[in-house]
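Visitor: Below is a structure I'd like to ask you about.
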Amino acid sequence: MPTTPRTTTPAVAGSLVTGLAATIALVAGPFTNGDEATTTGAILLGFAIGWATLATLSIRRGDGSHRWAMTPAAALGSTGLALIALRPSADTLDTFGWAWPPAILVLVAWMTVRVRRQPPRSGAWMLYPALAVMAIAAMGGGYETIATGTSGGPAAVAGDRLIDVGGHRLNIRCAGAGSPAVILEPGLGEPSSDMAARIAPQVARTTRVCVYDRAGHGRSDVAPDADSARDLHELLRRAHVRGPVVLAGHSLGGALALSYADRYPDEVAGVALIDSMHPKQGHTAADMRPVIAVVPTLARTGIARLFFHPDDGRPADQAQQLVRDIERMPADLERAARLETLGDRPLGVVTAGSGSQVGWSQEQNDLATLSRRSFHRTVAGATHGSLILDPADAHASSRAIEDVVRQARSAR
């Protein structure tokens, strides 16, 4: 009577758990501050540990039914170690994207044949979800490589101008006429097109309004060490946008507006904060570094297309820039905290009426104390995102910006 292999369901389950635990431990532990290549290598190394565990348990139990798992362990492990040791650039990883998807699909096909040869009671069926994830990642990676390799980047919109600000170029476009001009500052991970879609057209009816892409966003050049305040100062000068201006920032953009106002006070006529981050808020996404670190790696599997629109740039590039922005966020907030007061310059604070984290309302009240000429409006039913995306809520944000412009004009 045939016997069931001694590599039982608990052993197979244990190897899967071991691989997942090893991946989390490596990414969150010794490689937590690594770049994209290092993080990707750590993930592959964790997966390799899982497959090696399966093969080892199989051999130690005496049947060797899953000895074949040493092959994916060796393939993934050696690739992971190479990525960690060599740390190839993003451009090299782009090129590598033409090779790894078909290689993974071939490996998955070979592994599937091996799994199908195991008796049903061996627990090998538990490996199918892992194989499916590998196959989906490979197919998504192939699609992402082809899509990004054949695209020409974000298309220019009428009025776009790429202006050198000293070593890299930033994209800006303006509409309307009048002064003071309004400069729109998007939030964390937001494309300039979000504020340009609904807020800019309304504000442009009463004054000049400009929206621009910070370094690494949209059509602007990547500059890992960019100084956002200096960049904007130089951009406005070279784009001939006369100051002082009204800065209108959403979320992180609000903190950047405060930082600019502290650094260049004579160039700021007023500020509008749209559900802005508080410079001294306790929680930032920067304290989730291990989770954020895997975003660029996941982006190469095509999943980033669910969150980033290709019209705003390559999804993988946007994911990498998001990580850079999050890493810089504590420093950005620290610079914004240096601003103690706007004096008599007008300040408008607009707050979302729902969906905010605990303490957000009190922080918004505190922001309103930065000026002796301020107003604070809470938009009932609005959320953090709807204040720039929903037609009615964005209208409330635009009206607040217009009111700041009117107050700035009356102060001349």
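The values are calculated or read from the model by the stated rules, or taken from the named source; none is laboratory data. None of these values were measured; they are calculated from a predicted model. Neighbour counts run over all protein chains shown; Cβ positions are idealised from the backbone, glycine included.
Visitor: All but one of (1) in a helix (DSSP H, G or I); (2) touching a Ser or Thr at 6+ places or on another chain (Cβ under 7 Å) hold for ASN171; which doesn't?
Guide: (1)
Visitor: Mind checking whether some residue in segment 307-315 is more than 30 Å from ALA396 (Cα to Cα) and at pLDDT below 95?
Guide: There is at least one residue in segment 307-315 that is more than 30 Å from ALA396 (Cα to Cα) and at pLDDT below 95.
Visitor: Do we have any residue at all in segment 205-212 that's surrounded by fewer than 24 Cβ atoms within 10 Å (Cβ to Cβ) and in a helix (DSSP H, G or I)?
Guide: There is no residue in segment 205-212 that is surrounded by fewer than 24 Cβ atoms within 10 Å (Cβ to Cβ) and in a helix (DSSP H, G or I).
Visitor: Among the residues of segment 25-51, write down those that are within 17 Å of the chain's Cα centre (by Cα), more than 17 Å from ALA316 (Cα to Cα) and assigned to a helix (DSSP H, G or I).
Guide: none
Visitor: Now for a separate question. Can you tell me which residue among GLY159, GLY141 is out of contact with any Leu (no Cβ under 7 Å at 6 or more places or on another chain), assigned to a loop (DSSP other than H, G, I, E, B) and not acidic (Asp, Glu)? Outline the logic, then answer.
Guide: Values: GLY141 fails: assigned to a loop (DSSP other than H, G, I, E, B).
Of the residues listed, the single one that is out of contact with any Leu (no Cβ under 7 Å at 6 or more places or on another chain), assigned to a loop (DSSP other than H, G, I, E, B) and not acidic (Asp, Glu) is GLY159.
Visitor: Then there's this: What residue, among those in segment 60-85 that are modelled with pLDDT under 95 and loosely packed, with under 15 Cβ neighbours inside 10 Å, is farthest from the chain's Cα centre (by Cα)?
Guide: The qualifying residue farthest from the chain's Cα centre (by Cα) is GLY62.
Visitor: Scanning segment 223-251 for residues that are touching a strand residue (DSSP E or B) at 6+ places or on another chain (Cβ under 8 Å) and assigned to a helix (DSSP H, G or I), which turns out farthest from ARG338 (Cα to Cα)?
Guide: We begin by selecting, within segment 223-251, every residue touching a strand residue (DSSP E or B) at 6+ places or on another chain (Cβ under 8 Å); these are 231-232, 235-236, 238-239, 241, 243-251.
This time we only want the ones that are assigned to a helix (DSSP H, G or I), so: 231-232, 235-236, 238.
Details: ASP231: 19, LEU232: 18, LEU235: 23, LEU236: 22, ARG238: 27 Å.
Applying the filter and picking the extreme gives ARG238.
Visitor: Could you check how many residues of segment 13-54 are crowded, with 23+ Cβ neighbours inside 10 Å and farther than 25 Å from GLY97 by Cα?
Guide: Here the count works out to 2.
Visitor: Between residues in segment 247-268 that are among the acidic types (Asp, Glu) and residues that are outside any helix (DSSP H, G or I), which pairs lie under 8 Å by C-beta distance while being six or more apart or on different chains?
Guide: Cβ pairs passing all conditions: ASP262/ARG338; ASP262/LEU339; ASP266/GLY243; ASP266/PRO244; GLU267/GLY243; GLU267/PRO244; GLU267/VAL245.
Visitor: To continue, here is another question. Taking ARG114, is it charged (D, E, K, R), touching a residue at least 24 places away in the same chain (Cβ under 8 Å) and touching a Lys or Arg at 6+ places or on another chain (Cβ under 7 Å)?
Guide: No.
Visitor: Is it the case that ASP275 is acidic (Asp, Glu), modelled with pLDDT of 85 or more and buried (at least 22 other Cβ atoms within 10 Å of the Cβ)? So that I can check it myself, show each step before the final result.
Guide: On the way: acidic (Asp, Glu): yes; modelled with pLDDT of 85 or more: yes; buried (at least 22 other Cβ atoms within 10 Å of the Cβ): yes.
Criteria met by ASP275.
Visitor: Somewhere in segment 377-385, is a residue among the hydroxyl-bearing types (Ser, Thr, Tyr), in contact with a strand residue (DSSP E or B) (Cβ under 7 Å, 6 or more places away or on another chain) and either surrounded by 20 or more Cβ atoms within 10 Å (Cβ to Cβ) or not assigned by TED's automatic domain parsing to the domain that holds LEU256 (or both)?
Guide: no
Visitor: Only one residue in PRO119, PRO101, PRO129 is surrounded by fewer than 18 Cβ atoms within 10 Å (Cβ to Cβ) and either touching a residue at least 40 places away in the same chain (Cβ under 8 Å) or at positive phi (or both), so which one is that?
Guide: Numbers: PRO101 fails: surrounded by fewer than 18 Cβ atoms within 10 Å (Cβ to Cβ); PRO129 fails: either touching a residue at least 40 places away in the same chain (Cβ under 8 Å) or at positive phi (or both).
The match here is PRO119.
Visitor: Suppose we filter segment 154-192 for residues that are surrounded by 22 or more Cβ atoms within 10 Å (Cβ to Cβ) and of a type in the set (Val, Ile, Thr); how many remain?
Guide: Qualifying residue count, segment 154-192: 4.
Visitor: I would also like to ask the following. Looking at (1) surrounded by fewer than 22 Cβ atoms within 10 Å (Cβ to Cβ); (2) hydroxyl-bearing (Ser, Thr, Tyr); (3) modelled with pLDDT of 90 or more, find the lone condition where SER356 falls short.
Guide: (3)
Visitor: State which residue is surrounded by the fewest Cβ atoms within 10 Å (Cβ to Cβ) when the search covers only segment 134-153 and only residues that are closer than 24 Å to SER192 by Cα and at pLDDT 80 or above.
Guide: Top of the filtered list is ALA147.
Visitor: For segment 52-68, give me each residue that is in a helix (DSSP H, G or I) and either touching a residue at least 40 places away in the same chain (Cβ under 8 Å) or aromatic (Phe, Trp, Tyr) (or both).
Guide: LEU54, LEU57, SER58, TRP68
Visitor: Output yes when any residue across segment 372-393 is of a type outside the set (A, V, I, L, M, F, W, C), on the phi < 0 side of the Ramachandran plot, part of a loop (DSSP other than H, G, I, E, B) and over 28 Å from the mean Cα position of the chain (by Cα), and no when none is. Quick ask: steps written out before the conclusion?
Guide: Step one: filter segment 372-393 for residues of a type outside the set (A, V, I, L, M, F, W, C), giving 372-374, 376-378, 381, 383-386, 390-391, 393.
Those left that are additionally on the phi < 0 side of the Ramachandran plot: 372-374, 376-378, 383-386, 390-391, 393.
Filter once more, keeping what is part of a loop (DSSP other than H, G, I, E, B): 372-373, 383-385, 390.
So of that shortlist, the ones also over 28 Å from the mean Cα position of the chain (by Cα) come out as 372-373.
Yes, because at least one residue in segment 372-393 is of a type outside the set (A, V, I, L, M, F, W, C), on the phi < 0 side of the Ramachandran plot, part of a loop (DSSP other than H, G, I, E, B) and over 28 Å from the mean Cα position of the chain (by Cα).
Visitor: Among SER193, SER220, which is the only one that is assigned to a helix (DSSP H, G or I), under 21 Å from the mean Cα position of the chain (by Cα), closer than 25 Å to VAL323 by Cα and among the hydroxyl-bearing types (Ser, Thr, Tyr)? Full working, then the answer.
Guide: On the way: SER220 fails: assigned to a helix (DSSP H, G or I).
From the options SER193, SER220, the qualifying one is SER193.
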